[in-house]
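S.K.: The structure under discussion is supplied below as structure tokens; questions concerning it will follow.
FYI, it's all coordinate maths here, none of it is from the lab. Owing to the predicted nature of the structure, the values given are computational and were not obtained by experimental measurement. Methodologically, a virtual Cβ is constructed for each residue, glycine included, from the backbone with ideal geometry; neighbour enumeration extends over all protein chains shown.
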Amino acid sequence: MPTQLVKLALVDESDLTKTKVFSVFQEGAEGASRQVLSIEANTAILENNREIITSKVYTIDVVGLYSQADKSQVYTWASDRTELWVSGYGLDGSILQAYGTISVVDGYTDNASMRFRFQVESRGGYDATTGLHNANMSYAKNGFSLYRFQEGTTADIPAGWAKTETGSPSFSITEPISGFYVFEMSCDSSSVASITRDVYFPFVGQTVYFSVPVGTFVNTSDPAMFVSFLDSGGAGTVVNTSDPAMFVSFLDSGGSTIGAPVTQVLTGSSTNVISATSPSGTISVRFSVAAFNDDTVSFGYPVFSLKSGIVYAGNEFNT
């Protein structure tokens, strides 16, 4: 079933100043466009006449009225086979993240309109080693769903995330329940650790929500140890400190932070949610979780969403 997107952006990682954003506007206006995402199954018939799905075709079609500058840039990307990030969101709040090349559809262009397409064929699912979706695309309520929450190519770090560290913190990923992963970072009195996920999302004025379902948080300066298991809602136990441990920042085309990050101290429930609205000049959003001196933080399946009610849902793109 095709799904119409509200906005879509093409991002050239080698030059973020070339970023193009396409929106649904009134019919006939320059920049008016329609963005449609569809997933169609390729099937085969077995000898017993049973039909099986052999692969799926993931397609994003964009058609509209564009300026000559925008048309020229899209044609250049298509002819050069430039690898692009494709970002967007739909009417239902689902977030699109994809990476690959685009093509201009022949026979549709004239002086006013143009149609281009992102398309890939895949069996779907996630790569067991990298954690990346095999279609290089996700469209889900959780904007982190391009990667499965598991160990990625960096040992003991969730797929798609990057770590920073001062001193000698420890990092680990465990699987207390089959298919459910928990990440933990622990610091001694002279260490600081954090993990960060950058997502291209150049949509000005859009409110984003970042939630972290906490599992275990131990402050070793207190005479206590707290151990908990995550329930189906991702809730756990926490010993709070005065250190902010959740961060949302907006970055411009030069990679510089726009304004001050939005921060929050983690608490012992599944309601660790912060929100922020993207300012002018935003190209990407940076989500971070940190552990400071004498702290241990563990959690599973963080969520980047466009609605405040989504705390632990839509964590994977299961198609």
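S.K.: Considering the dipole of the range 122-182 built from charges on the beta carbon (Lys and Arg +1, Asp and Glu -1) around the Cα centre, which of Gly124, Ser168, Gly152 is farthest to its positive end?
M.R.: Comparing the listed Cα positions along the dipole, Gly124 ranks first.
S.K.: Residue by residue, what Karplus-based ³J(HN,Hα) values in Hz, rounded to whole numbers, does the range 126-136 have, using 6.51, -1.76 and 1.60 with θ = phi - 60° and x for Gly and Pro?
M.R.: 10, 5, 5, 8, 8, x, 7, 4, 5, 8, 6
S.K.: Return the long-range amide H neighbours of Phe144 (sequence gap of 5 or more, or a different chain), with a cut-off of under 5 Å between placed amide H atoms.
M.R.: So Phe144 has HN proximity to Phe304.
S.K.: Taking all pairs of distinct Cα atoms, average 1/r, flip it, and tell me the Kirkwood hydrodynamic radius of the range 3-122 in Å to one decimal place. Could you put the intermediate results ahead of the total?
M.R.: Details: mean 1/r = 0.0648 Å⁻¹.
Final number for the Kirkwood radius of the range 3-122 is 15.4 Å.
S.K.: Can you give the net charge of the other residues whose Cβ lies under 15 Å from the Cβ of Leu91, counting K and R as +1 and D and E as -1?
M.R.: Numbers: positive: Lys7, Arg34, Lys141, Lys307; negative: Asp92.
With Lys, Arg at +1 and Asp, Glu at -1, the net is +3.
S.K.: Using a simple spin-label model with points 7 Å from Cα along the Cα→Cβ vector, what separation in nm is obtained for Ile53 and Ser38?
M.R.: So the label points at Ile53 and Ser38 sit 1.6 nm apart.
S.K.: For Thr101 and Asp61 in one chain, what is 0.36 nm times their gap in residues minus the Cα-Cα distance, to one decimal in nm?
M.R.: Fully extending the segment from Thr101 to Asp61 adds 13.1 nm.
S.K.: Sorting check: for 300-308, 272-280, which peptide has the highest mean count of neighbouring beta carbons within 10 Å, and how do the rest follow? Walk me through the intermediate numbers first.
M.R.: On the way: 300-308: 20.8, 272-280: 16.3.
Highest mean packing first, the order is 300-308, 272-280.
S.K.: Another one. Magnitude of the Cβ-charge dipole of the range 3-122, K/R +1 and D/E -1, about the Cα centre, nearest 20 debye?
M.R.: Values: 10 positive and 16 negative charges, 26 e Å.
The dipole magnitude comes to about 120 debye.
S.K.: While we're looking at this one, here's another question. Check Asp156: other-chain or 5+ apart residues with amide H under 5 Å from its amide H, H built from backbone geometry?
M.R.: Those qualifying (amide H under 5 Å, at least 5 residues apart or on another chain) number zero.
S.K.: Ala155: net charge of surrounding residues, Cβ under 14 Å, Lys/Arg +1, Asp/Glu -1, itself excluded? Before the final figure, lay out each step's value.
M.R.: Numbers: positive: Lys163; negative: Glu151, Asp156, Glu165, Glu184.
Local net charge: -3.
S.K.: Just order 12-18, 199-205 by mean Cβ neighbour count inside 10 Å, highest at the front, would you?
M.R.: Details: 12-18: 12.9, 199-205: 18.6.
The densest-packed peptide leads the list: 199-205, 12-18.
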